Amino acid sequence: MSYSFTFDDIPDLTGKVAIVTGGSSGIGEVISRELARKNAKVYITTRSQSRADQAIARIRAASAEVEGVENNLTFLEVDLETMKGATAAAKFFLKLEDRLDIVVANAGLGGIKSQLTPDGYERNFAVNHLGHFAFLTTLLPLIERTAAANPKSDVRIVIQSSQSFYNASKIDYQDLTKTYSSSWGFLTLREMLGRYARSKLANIYFMRELAKRTNDIPNLYVNASHPGLVYTNIFDLSTSPLPRYMQIIGEYQAWLFGIPVDDGAKTALFLASDKRVIKDGLKRIFLYPAPQGPLGGYVYFNGVYPRALNSLGEDGDEASKLWEFSEQALAKALNS
Ligand SMILES: NC(=O)c1ccc[n+]([C@@H]2O[C@H](COP(=O)([O-])OP(=O)(O)OC[C@H]3O[C@@H](n4cnc5c(N)ncnc54)[C@H](OP(=O)(O)O)[C@@H]3O)[C@@H](O)[C@H]2O)c1
């Protein structure tokens with residue numbers, strides 16, 4: 001089944017509190033803008049106050065018809081690179097608000113360097129999964145309280161994954177703490193894509209396990225999305241050692257074959273707000289934009305549809321194993 005979807009389908013969200021991680025640019029900025037335009041109180045998370053200020057200024061400039069939209073937007077400093085930092089940011093938020101209705105776990109990175117974070121994990125995996133695990137599990141009691149206190153309302157968690165997860169191999173836990181030894185200090189294309197794909201598979205497992213563990217909460221909807229191929233800062237190769245012409249090819253394939261960033265925000269926005277999620281009981285799904293075009297891109301946006309996972313994505317034992325690994329990693333990080 002597919003659903004048509006435009007920003008006009010987003011209902012009025014007055015009274016709801018939302019967090020959009022990585023709301024300072026690209027897809028997260030559009031998600032933040034549209035939720036704020038519908039009167040949600042939106043916390044934009046980023047590592048930098050100035051990037052939040054710039055995003056809020058852009059949203060204000062693009063929203064002349066919604067007076068005071070900037071009053072619905074608040075900066076929340078979150079660095080997902082360490083689990084301790086992500087936990088501290090979530091604890092700070094818990095002091096600010098007594099409800100949390102919508103979380104879009106959207107922040108993410110790729111990267112060409114072989115790097116471990118201060119916690120000792122490969123960086124894609126650490127930021128895209130472990131940081132979000134620490135942040136969201138710390139917020140979870142508040143999310144659950146919000147759902148319980150407002151049984152006629154609905155609460156949403158959306159994990160931004162990627163079509164890349166279909167290319168991932170089974171998670172090799174030994175590999176997560178290794179750096180690669182290429183003498184020039186950068187990953188090969190295969191290594192780079194493999195690491196990103198693994199982190200996005202982790203997003204799928206996290207979504208499925210979180211949904212399973214909160215399954216007894218009828219009005220909590222936990223799902224994952226793929227935005228489509230969208231030309232954003234995530235394709236910035238300017239710090240890579242590649243010759244300039246190769247950087248341009250790499251960056252502009254998304255520009256050439258991608259969908260506009262506004263369309264890239266629609267899968268997550270549908271899951272975060274649309275009433276049809278409740279009507280059709282959409283839980284534990286992976287939402288895709290349609291239709292697919294060349295090279296994984298999209299000729300135009302034509303709605304959203306739940307896409308089947310592959311057998312690796314469906315593997316419940318692997319999802320549970322990742323949860324247990326993440327819990328242990330979090331405990332270790334908090335005790336260090
Ligand atoms: N663009 C695509 O074609 C595409 C395709 C599939 C999936 N996705 C996914 O969509 C999501 C958004 O990506 P985008 O394309 O919009 O990229 P983007 O414009 O580069 O935005 C990435 C966001 O993540 C935040 N971020 C990066 N590292 C962080 C860290 N260590 N701690 C906290 N926040 C961090 C950035 O915030 P600050 O730098 O301001 O802190 C920024 O707001 C990602 O999860 C990505 O994997 C994108």
Exercise. If you scan region 111-137, which residues turn out to be open to solvent by 30 Å² or more (accessible area, probe 1.4 Å), modelled with pLDDT of 95 or more and not in a helix (DSSP H, G or I)?
Worked result: PRO118, ASP119
Exercise. Within region 1-52, restricting attention to residues that are part of a loop (DSSP other than H, G, I, E, B) and of a type in the set (Val, Ile, Thr), which residue is surrounded by the most Cβ atoms within 10 Å (Cβ to Cβ)?
Worked result: ILE10
Problem set entry | LYS91 among the basic types (Lys, Arg), more than 9 Å from the ligand (Cβ to nearest atom) and within 20 Å of ASP236 (Cβ to Cβ) | no
Exercise. Is at least one residue of region 277-290 modelled with pLDDT under 95 and surrounded by fewer than 19 Cβ atoms within 10 Å (Cβ to Cβ)?
Worked result: yes
Exercise. Does at least one position in region 133-150 carry a residue that is within 16 Å of the ligand (Cβ to nearest atom), within 25 Å of PRO306 (Cβ to Cβ) and of a type in the set (Phe, Trp, Tyr)?
Worked result: yes
Exercise. From the list PRO260, PRO241, which residue is at pLDDT below 95, of a type outside the set (Val, Ile, Thr), open to solvent by 20 Å² or more (accessible area, probe 1.4 Å) and within 21 Å of SER25 (Cβ to Cβ)?
Worked result: PRO260
Problem set entry | Set SER153, SER169: member being surrounded by 13 or more Cβ atoms within 10 Å (Cβ to Cβ), over 20 Å from THR21 (Cβ atoms) and more than 16 Å from the ligand (Cβ to nearest atom) | SER153
Problem set entry | Candidate set: region 53-86, residues that are of a type outside the set (D, E, K, R) and modelled with pLDDT under 95; chosen: the one most open to solvent (accessible area, probe 1.4 Å) | ALA64
For this session: Just name the residue that is modelled with the lowest pLDDT out of those in region 150-201 that are more than 30 Å from ASP12 (Cα to Cα) and acidic (Asp, Glu).
Result: GLU191
Problem set entry | Hits in region 35-71 - residues which are basic (Lys, Arg) and more than 16 Å from the ligand (Cβ to nearest atom) | ARG37, LYS38, LYS41, ARG60
Problem set entry | Pair list, Cβ < 6 Å and 6+ apart or interchain, from region 9-34 residues that are within 19 Å of HIS226 (Cβ to Cβ) and more than 12 Å from the ligand (Cβ to nearest atom) to residues that are part of a helix (DSSP H, G or I) and among the aliphatic types (A, V, I, L, M) | GLU34/LEU269
Exercise. Which residues, counting only those in region 210-231, are of a type outside the set (Val, Ile, Thr), surrounded by 20 or more Cβ atoms within 10 Å (Cβ to Cβ) and more than 18 Å from ARG307 (Cα to Cα)?
Worked result: LEU210, LEU220, TYR231
Problem set entry | So GLY108, is it open to solvent by 30 Å² or more (accessible area, probe 1.4 Å), modelled with pLDDT of 95 or more, under 12 Å from the mean Cα position of the chain (by Cα) and within 13 Å of the ligand (Cβ to nearest atom) | yes
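The values are calculated or read from the model by the stated rules, or taken from the named source; none is laboratory data. Since the structure is predicted, the reported quantities are computational estimates derived from the model, not experimental observations. Glycine also receives a Cβ, built like all others from the backbone with ideal geometry; neighbour counts cover every protein chain displayed. In case anyone asks, the SASA skips ligands and DNA or RNA and just uses the protein heavy atoms, side chains included. Shrake-Rupley method; radii C 1.70, N 1.55, O 1.52, S 1.80 Å.
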